[in-house]
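For reference, the structure discussed in these notes is given below.
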Amino acid sequence: MPENERESPDERRNRELIELLNELRVALPGVQVLFAFLLAIPFANGFPRLSDLDRDVYFAALLATMVSTVLLITPSAYHRFVFRQGDKEQLLETSNRLTIAGLGVLAVATTCSMFVITDFLFGWAMTIVVTVVTALTFGLFWYALPFTRRAQLEAKDGRT
């Protein structure tokens with residue numbers, strides 16, 4: 001019998017919550033560093049030289065980073081407010097959705113940041129290449145890879 005089938009529902013929920021919180025501990029420093037970097041950029045000497053498009057994309061990156069921060073920290077706040085209320089299953093489902101959304105918005109923020117930096121340093125042609133490669137890399141590793149595996153597992157289990 002697989003190990004996860006020997007768990008009681010409460011044990012499974014507790015393990016899944018610990019796993020989720022550990023995953024957030026990996027993602028949060030990245031979004032915090034990006035946010036700090038983006039908050040400092042307007043005060044840099046080169047900021048006035050950004051084009052209007054770069055400023056717009058920079059601001060989109062800043063907003064996306066803020067939204068990602070909110071989405072990735074919400075599971076912790078949610079947990080604090082519903083602590084010991086017997087609602088762990090809903091907490092896990094909601095937190096999972098928030099985390100997936102937060103990572104998606106973080107991918108947008110990082111891609112926008114790469115756009116601005118590449119355009120500032122190298123010009124339009126390189127910007128298009130780097131931005132597309134960045135977006136495709138996030139799409140491949142953060143979405144296509146896990147969705148493909150999930151589809152394989154569901155087909156194996158007859159859940160499709």
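Data overview
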read-out	value
Members of segment 23-50 found to be surrounded by 13 or more Cβ atoms within 10 Å (Cβ to Cβ) and either in contact with a strand residue (DSSP E or B) (Cβ under 8 Å, 6 or more places away or on another chain) or of a type in the set (Gly, Ala, Ser) (or both), listed by number	Ala27, Gly30
Residue within segment 9-22 that is under 22 Å from the mean Cα position of the chain (by Cα), within 23 Å of Ile128 (Cα to Cα) and exposed (fewer than 15 other Cβ atoms within 10 Å of the Cβ) present	no
Residue count for segment 68-111, restricted to those that are part of a helix (DSSP H, G or I) and over 14 Å from the mean Cα position of the chain (by Cα)	14
From the options Ala40, Ala36, residue that is closer than 23 Å to Phe138 by Cα and either in contact with a Lys or Arg (Cβ under 6 Å, 6 or more places away or on another chain) or free of Cβ contacts under 8 Å to residues at least 12 places away in the same chain (or both)	Ala36
Some residue of segment 95-111 being more than 19 Å from Val26 (Cβ to Cβ) and at pLDDT 95 or above	yes
Test result for Phe122, surrounded by 12 or more Cβ atoms within 10 Å (Cβ to Cβ), free of Cβ contacts under 8 Å to residues at least 12 places away in the same chain and aromatic (Phe, Trp, Tyr)	yes
Close pairs from segment 13-25: first within 10 Å of Asn96 (Cβ to Cβ), partner of a type outside the set (D, E, K, R) and in a helix (DSSP H, G or I), Cβ under 6 Å, at least 6 apart	Glu16/Leu92; Leu20/Ser95
Residue that is farthest from Thr65 (Cα to Cα) [pool: residues in segment 100-117 that are of a type outside the set (A, V, I, L, M) and buried (at least 19 other Cβ atoms within 10 Å of the Cβ)]	Phe115
Counted residues, segment 125-160 - those being touching a residue at least 12 places away in the same chain (Cβ under 8 Å) and β-branched (Val, Ile, Thr)	4
Failed condition for Thr65, given (1) part of a helix (DSSP H, G or I); (2) at pLDDT below 95; (3) hydroxyl-bearing (Ser, Thr, Tyr)	(2)
Cross-chain or 6+ apart pairs with Cβ under 6 Å, segment 69-94 first and closer than 23 Å to Ala109 by Cα and free of Cβ contacts under 8 Å to residues at least 60 places away in the same chain, then of a type in the set (Gly, Ala, Ser) and surrounded by 14 or more Cβ atoms within 10 Å (Cβ to Cβ)	Leu71/Ala101; Leu71/Gly102; Leu72/Ala27; Leu72/Gly102; Pro75/Ser95
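The values are calculated or read from the model by the stated rules, or taken from the named source; none is laboratory data. Just so we're clear, the structure is a prediction, and the values are computed from it rather than from any experiment. Note that each Cβ is placed from the backbone with ideal geometry, even for glycine, and that neighbours are counted across all protein chains shown.
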